[in-house]
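Below: the structure, in structure tokens.
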Amino acid sequence: MASQTQELSSTELQNGTNPERERIFDAFRRWGYLQASLDPIGYALKPVRLPELDELTGPYADEARQVYAGTVAAEFMHILDPEKRRFLQERLEGDPTPVNRQRTLDLLVKADEFENVIQSRYLGTKRFSSEGLTSLIPFLDELMNCAADREAKQVVLAMSHRGRLNVIVNIMQRDPSEIFAKFEDVDPRSVLGGGDVKYHIGATGMFTGHNGKQVKMHLVSNPSHLEVVDPVAVGRTRAKQNHFGFGKEGVDKVFPVLIHGDSAFAGQGVVAETLGFANVKAYAVGGTIHIIANNLIGFTTEPFEYNSSRFTTDLAKRLDVPIFHVNAEDPDAVVRIAKLAIDYRYRFHNDVVVDLIGYRRHGHSEVDDPTITQPVRYAKIKDHAPLSQIYAQQIGADIAPLAEKAKAEYSDAQRRAKSMKKMPVFATHPTYWERYQGGAYKPEYEVPTAISNEVVAHVAKTISSTPENFAVHPKIQKLLEQRLEMAQGKRPVDYGMAEALAFGAMLMQGIHVRLSGQDTQRGTFNHRHDVLVDINTEQEYFPLQHLTPDQGKFEVYNSTLSEIAVLGFEYGYSRDFPEAFVGWEAQFGDFANGAQIIIDQFVMAGEDKWGLLSGLVMLLPHGYEGQGPEHSSARIERYLQLCARDNVQACQPSNAAQYFHLMRRQVLRTWRKPLICFTPKSMLRHPDASSPISDITGGHFFPVLPETEIQDAKRIVVCTGKIGREIRMERKKRKNTETAVVFMEQLYPFPEQELAAALNAHPNAHEILWVQEEPANMGALSFMVPRLKRIAKERPVLTVKRSASASPSTGSAKAHEMEQKTVIDLALGGK
């Protein structure tokens, strides 16, 4: 690879120029970044001695050092595309672009004074100051001005807490009184039990460029889990782009900017997973601009402790993307790199990484003392002047009038904040959210979900048809024929067909459907087949994309091998496409473990913390079939523990029609809540879980399925999903007429009235049993039993379950079979 790159560069870069100059410059293009002066306080990143460079002398070497080993260090020779390398080389080695130094100074003064006012008036309060990296403000300002020049409509911004408040005021142009109101903590009753700290809440703003054009800005709400916001922001970007048109139409209208911390960028795996989206069709957004707000420390942790290489950005070198390291105390260079970064993004629609290297003036938070752990470094920082003062001296400007003006503006804003009675709202929702509701569930939200025989027939015919000369696998051809028979009522509808009918009907109504996950196109359990593959050519065909000329957009993707980033992306997408069906399917429900931060911080708590709604669907295959600890349990207990204030829906549809209506209900209702759906594995094709076509063309989703075969039971089994089907089958074998089986199809919001009616239908039942496959310390037991006891009143409530365990299930198929037989036997009274 190295020799190939060398050959390319020597051929493409000479173009008739001086060979000696090219030889010297080529060396600096490759290694100059290792000798650049990047640390403003001279504490870290000392230049590396390299014979390849140290031996080079003369005017060409001096010129090359100025370009590639000054306050900007560029890494781009690892990029394979010669056109990209040539573009970067010409820009870096050409005449410097002019910088509006007065504007830069004004922004630096505003940024520094904002921090000074808070430090003096709210001493000891956390704010995560930007001091030491205030050049981030002119960087973003230049980025936004260039975006306005290119007629961008919106920028999606994600960042953790460091410098966030400064960005909200000085880039997003929000009134600083709104920030000060947070420090004053006005109206605390409005956020009892909810809300979030000031440096996590999202914000919207309108940036007005120097050309007078405006660009919307959206700063994504995020938790303290730092980089976990990255895929969410990229997903939101993709959705916003698609509002301008699917494909390339929206790429130039909306782009994301992710601001990372240095230790977080190096240490958190979700960064690598998000970077991996760059050129993947399912998740690409035409280029993300990554900025590392690098203060060369992580709380109290030194760079050599949180990173194995010289630069925190080395993670990104696995991609064909340029990396720019910039000394944050050279504002002119910072602004120029901002322009180069956005020009590159728009030219090649690729990611760009900018490592903005500065320092941190205070501790991790303003109440932390950094001299305990970094005494030498902070002795230097103590005597280091603010950047606005340094820059003013460099350009010969008088800083005093600017500082007094900024201080007066902030003082006035603080006075206004003190008089506020209501906490200001940082963000306004886009107009496409106007017709959707959150909050508590109301029965009037329900809508019809059944479809006509004509729609069934059309969808069935479309999904069973292929282009001429398209060779379908014989097994799939048989499946397509069976699906036609299901639509005609000749055989019951299974889950795969129910989903295809649900999606097809949505698409015919003009609804956008998007589904992604590991092996989702086919389905882990070989049940979906939304994409057909020609067995001779491997050409792909998407039948659901060919329903009607004006149908909704249908997207189904096999995802990268990631849970946290992919689920974060889909959550973000659902945040900006509320009218769409947006789903993520885990390969097995257990694998959602890898996305737990997204689940805890965004899916379950997003509405309570930030007032943000989402209709995301999580499909989590669940069921005990003797496949071992990592292929059995979707960890139902974890989701139920997080259920409160009607924040989500947790459902386990036990037959195909229930699944059909649940999927339809999710998108047709205007009540927008995430849906946690525990889907079957072995039961996907089970006759007892299949449904007649009449249940698709009629009916709706039932939160509780009462017993219909036994009229006056002596025992009532209450359960969810697969175990209920197995009990029903065994009951039939034993000719047991005393045990009723009631299915809880919706666990949350808890359908108390429906469950009470199902239990009261059997007044002579002397006991009620909660039966589950999971161990006693897992599943829905702890959630259901107190509620069952409240409804059952005097009747005893017993439980049947596996013994409590640290592991979800046994890895032995025979042991599983013995356990399962015992559970079923106890559920039926042991007879």
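The values are calculated or read from the model by the stated rules, or taken from the named source; none is laboratory data. Note that the coordinates shown come from a computational prediction; the quantities given were computed from them, not determined experimentally. Positions of Cβ are generated from backbone atoms using ideal geometry, with glycine treated the same way; all protein chains shown enter the neighbour counts. Areas reflect the complete protein model, heavy atoms only, side chains present, ligands, DNA and RNA absent. Shrake-Rupley method; radii C 1.70, N 1.55, O 1.52, S 1.80 Å.
Suppose we filter region 301-331 for residues that are of a type in the set (S, T, N, Q) and either within 17 Å of Ile259 (Cβ to Cβ) or buried (at least 20 other Cβ atoms within 10 Å of the Cβ) (or both); how many remain?
So the answer is 4.
Listed by position, the strands (runs of 3 or more DSSP E) contained in region 731-831 that have at least 3 residues being aliphatic (A, V, I, L, M) and over 20 Å from Tyr639 (Cα atoms) are 739-744, 797-802.
Looking for something out of contact with any Leu (no Cβ under 7 Å at 6 or more places or on another chain) and small (Gly, Ala, Ser) - is there at least one such residue anywhere in region 68-84? Checked region 68-84: at least one residue is out of contact with any Leu (no Cβ under 7 Å at 6 or more places or on another chain) and small (Gly, Ala, Ser).
Just to be sure I understand, how many residues within region 367-420 are closer than 18 Å to Asp175 by Cα, of a type in the set (Gly, Ala, Ser) and open to solvent by 50 Å² or more (accessible area, probe 1.4 Å)? Selection size over region 367-420: 2.
If you go through region 538-564 and keep only what is more than 21 Å from Cys677 (Cβ to Cβ), in contact (Cβ under 8 Å) with a residue 24 or more places away in the chain and either open to solvent by less than 10 Å² (accessible area, probe 1.4 Å) or outside any strand (DSSP E or B) (or both), you end up with Gln539, Pro543, His546, Leu547, Thr548, Asp550, Gln551, Lys553, Thr560, Leu561. Residues that are free of Cβ contacts under 8 Å to residues at least 24 places away in the same chain and either assigned to a helix (DSSP H, G or I) or open to solvent by 30 Å² or more (accessible area, probe 1.4 Å) (or both): does region 525-536 have at least one? Within region 525-536, one or more residues are free of Cβ contacts under 8 Å to residues at least 24 places away in the same chain and either assigned to a helix (DSSP H, G or I) or open to solvent by 30 Å² or more (accessible area, probe 1.4 Å) (or both). Kindly check whether there is at least one residue in region 354-364 that is under 20 Å from Phe128 (Cα atoms), open to solvent by 50 Å² or more (accessible area, probe 1.4 Å), without any contact (Cβ under 8 Å) to a residue 60 or more places away in the chain and part of a loop (DSSP other than H, G, I, E, B). Within region 354-364, none of the residues are under 20 Å from Phe128 (Cα atoms), open to solvent by 50 Å² or more (accessible area, probe 1.4 Å), without any contact (Cβ under 8 Å) to a residue 60 or more places away in the chain and part of a loop (DSSP other than H, G, I, E, B). Selection over region 116-134 of residues that are surrounded by 22 or more Cβ atoms within 10 Å (Cβ to Cβ) and not in a loop (DSSP other than H, G, I, E, B) gives a count of 1. One residue stands out among those in region 794-831 that are open to solvent by 70 Å² or more (accessible area, probe 1.4 Å) and of a type in the set (Ser, Thr, Tyr): the one that is farthest from the chain's Cα centre (by Cα), which is Thr822.
This table checks each residue for (1) modelled with pLDDT under 95; (2) of a type outside the set (A, V, I, L, M, F, W, C).
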site	(1), (2)
Met604	no, no
Trp610	yes, no
Gly615	no, yes
Gly626	yes, yes
Ala650	no, no
Asn655	no, yes
Met663	no, no
Leu675	no, no
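Filtering region 587-638 to residues that are over 20 Å from the mean Cα position of the chain (by Cα) and hydroxyl-bearing (Ser, Thr, Tyr) leaves Tyr624, Ser632, Ser633. Restricted to region 135-159, and to residues there that are open to solvent by 20 Å² or more (accessible area, probe 1.4 Å) and in contact with a helix residue (DSSP H, G or I) (Cβ under 7 Å, 6 or more places away or on another chain), the residue that is nearest to Gly298 (Cα to Cα) is Glu142.
With a requirement of 1 or more residues that are of a type in the set (A, V, I, L, M), the helices (runs of 4 or more DSSP H) lying completely within region 228-321 that satisfy it span 229-242, 262-267, 269-275.
Quick one: would you say Ile463 is surrounded by 14 or more Cβ atoms within 10 Å (Cβ to Cβ), over 30 Å from Leu165 (Cα atoms) and over 32 Å from the mean Cα position of the chain (by Cα)? When the stated conditions are applied, Ile463 does not pass them. The conditions of being over 26 Å from Glu142 (Cβ atoms) and of a type in the set (S, T, N, Q) are not met by Asn295. Against the condition surrounded by fewer than 18 Cβ atoms within 10 Å (Cβ to Cβ) and in contact with a helix residue (DSSP H, G or I) (Cβ under 7 Å, 6 or more places away or on another chain), how does Ala272 come out, does it pass? For Ala272, the condition - surrounded by fewer than 18 Cβ atoms within 10 Å (Cβ to Cβ) and in contact with a helix residue (DSSP H, G or I) (Cβ under 7 Å, 6 or more places away or on another chain) - is met.
Taking (1) on the phi < 0 side of the Ramachandran plot; (2) small (Gly, Ala, Ser); (3) crowded, with 20+ Cβ neighbours inside 10 Å in turn, Gly209 satisfies each apart from (3). Within region 384-396, the presence of at least one residue that is at pLDDT 95 or above, among the β-branched types (Val, Ile, Thr) and more than 39 Å from the chain's Cα centre (by Cα) is confirmed.
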